[in-house]
Amino acid sequence: MKRFQFRLEPVLRLKKIKEDQKLKELSELVAEVNQRQSEIDSNDARIHSLSSTTLSGSTDLREYSYLQTYMRQLLTRNTELENEIRSFDEPVEKKRTEVSEARKEKKVLELLKENRFKEYMHSYRKAEKIQAEEQFLADLYRKTREEIYGDDRSKRDPKVFTYDTGGVERTGTEDAGLSELRKLYERYKK
């Protein structure tokens, strides 16, 4: 029996490529969001460290005002970054739906492939079973002939491979046109 071949394999490969492409696009968007979030976290850590430091008596007012201005700039930058992250919400959600649709399309083809493979295996096993049964019947026929006639090959029927017409009426004495399986059937039918 020929090996299993899924005819829609090229389509399945294209669906996998499409899913991978959508996942890559989604990961790029999420990477940009994560980059902005890490910058916000870094700015918050700087603000926290600057606000927790104690000023010494030698620090003048100008340095203190620079420090306050720097902290306000960090807070403003964090607000801008948070707005940018919110602007990514819709595209990220859109990409997620595209990825889920691509996965569904691929999954449908994978299920179809699995079902076709199961059908193939069922027919393969059925053919193997039929072949094994035929081999068993042939061995059984050979053994019974050997039991009846022993090693004397002259009394055994020669193997004749003929074409069975099926529709032609035959008398009980004509054996030549029957196939080997039909002979077995006729013999064990009694």
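Summary table below
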quantity: Carbon + sulfur, % of accessible area of segment 31-152 - ligands and nucleic acids excluded, 1.4 Å; calculated: 52 percent
quantity: Length added when fully stretched, Lys16-Asn115, from 0.36 nm per residue minus Cα-Cα; calculated: 33.8 nm
quantity: For Ser42, solvent-accessible area (1.4 Å; no DNA, RNA or ligand), Å²; calculated: 50 Å²
quantity: Trypsin sites (Lys or Arg not before Pro) lying in DSSP loop within segment 76-154, provided at most 12 other Cβ fall within 10 Å; calculated: Arg153
quantity: Residue-normalised accessible area of segment 1-105, given per residue in Å² at a 1.4 Å probe; calculated: 75 Å²
quantity: Too-long pairs where the Cα-Cα distance tops 21 Å, listed order kept, from Lys24/Lys113; Lys22/Lys118; Lys18/Lys95; Lys104/Lys126; Lys24/Lys94; Lys107/Lys129; calculated: Lys24/Lys113; Lys22/Lys118; Lys104/Lys126; Lys107/Lys129
quantity: Surface accessible to a 1.4 Å probe, Leu137 within the full protein complex, Å²; calculated: 80 Å²
quantity: Filtered chymotrypsin sites (Phe, Trp or Tyr not before Pro), segment 1-104: DSSP coil and at most 16 other beta carbons within 10 Å; calculated: Phe4, Phe6, Phe88
quantity: Probe 1.4 Å, all protein chains present, accessible-area order of Leu81, Leu111, Leu23, largest first; calculated: Leu111, Leu23, Leu81
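The values are calculated or read from the model by the stated rules, or taken from the named source; none is laboratory data. Computed from a prediction, not measured in an experiment: that's the story for all the values here. No Cβ is skipped: glycine too gets one built from the backbone with ideal geometry, and neighbour counts run over all protein chains shown. Surface accessibility is based on the protein's heavy atoms, side chains included, excluding ligands, DNA and RNA. Shrake-Rupley method; radii C 1.70, N 1.55, O 1.52, S 1.80 Å.
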